[in-house]
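K.L.:
Below: one structure in structure tokens.
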Amino acid sequence: MLYFEWANDTLVRANSIHQAPIPLESHKNWFTQKVVDKDTFMYVLEIEGKPIGQLRIERKEEHALINYSMDKNFRGKGLGTDMLRMGIHAFQKETSPIILIGKVQVSNLASAKIFQKLGFDQKELESIKGEEYFVFHTNKSF
């Protein structure tokens, strides 16, 4: 249910490719599939036992796509960079080296700065459903 709440947060929906609210039944089906998918790695990051956000990395053939979100109560506190770094580090301990990709809506400057701070290279802009996205790549270890 926590993933469901985070996924339907107003800001998360606004920064997502699919911006419509997610019905609970659809979320349950999606979540069940992701949990058993050997190419999907899901992490909940905590501070003092309190969940602050989630990171999901999905392996494809030649790359892995990063998706993350912060709990609204922990945004703006400078935690995003550390959360992403720790999640990527955990992923890299579990799997073989692969190019990591993050797609960030151009209007989402906070997330774009996080990827830049972590040393991701901005490769191009991509248009998805009428919105422009920065595409960040890296193959470095965390």
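The values are calculated or read from the model by the stated rules, or taken from the named source; none is laboratory data. Keep in mind the model is a prediction, meaning the values are calculated, not measured. When we count neighbours, we look across all protein chains shown, and the Cβ atoms used for this are built from the backbone with ideal geometry, even at glycine.
K.L.:
From 111, 141, grab the single residue that is among the hydroxyl-bearing types (Ser, Thr, Tyr) and either in a helix (DSSP H, G or I) or modelled with pLDDT of 95 or more (or both). Give the steps one after another, and end with the answer.
P.N.:
Numbers: 141 fails: either in a helix (DSSP H, G or I) or modelled with pLDDT of 95 or more (or both).
Within the list 111, 141, the selection yields 111.
K.L.:
So which helices (runs of 4 or more DSSP H) are wholly in region 6-101 and hold at least 1 residues that are out of contact with any Phe, Trp or Tyr (no Cβ under 8 Å at 6 or more places or on another chain) and modelled with pLDDT of 95 or more?
P.N.:
The helices (runs of 4 or more DSSP H) meeting that bar are 24-36, 80-94.
K.L.:
Look at residue 50 and say whether it is surrounded by fewer than 20 Cβ atoms within 10 Å (Cβ to Cβ), under 22 Å from residue 17 (Cα atoms) and more than 11 Å from the chain's Cα centre (by Cα).
P.N.:
Working: surrounded by fewer than 20 Cβ atoms within 10 Å (Cβ to Cβ): yes; under 22 Å from residue 17 (Cα atoms): no; more than 11 Å from the chain's Cα centre (by Cα): yes.
No.
K.L.:
Right, next: Restricting to region 53-66, and then to whatever is free of Cβ contacts under 8 Å to residues at least 40 places away in the same chain, under 10 Å from the mean Cα position of the chain (by Cα) and surrounded by 17 or more Cβ atoms within 10 Å (Cβ to Cβ), can you tell me which residue is nearest to residue 34 (Cα to Cα)?
P.N.:
My answer is 56.
K.L.:
Kindly indicate whether any position in region 31-40 is within 24 Å of residue 141 (Cβ to Cβ), of a type outside the set (Asp, Glu) and buried (at least 17 other Cβ atoms within 10 Å of the Cβ).
P.N.:
So far as region 31-40 goes, no, none of its residues is within 24 Å of residue 141 (Cβ to Cβ), of a type outside the set (Asp, Glu) and buried (at least 17 other Cβ atoms within 10 Å of the Cβ).
K.L.:
Is region 101-113 home to any residue that is of a type outside the set (Phe, Trp, Tyr) and closer than 13 Å to residue 140 by Cα?
P.N.:
yes
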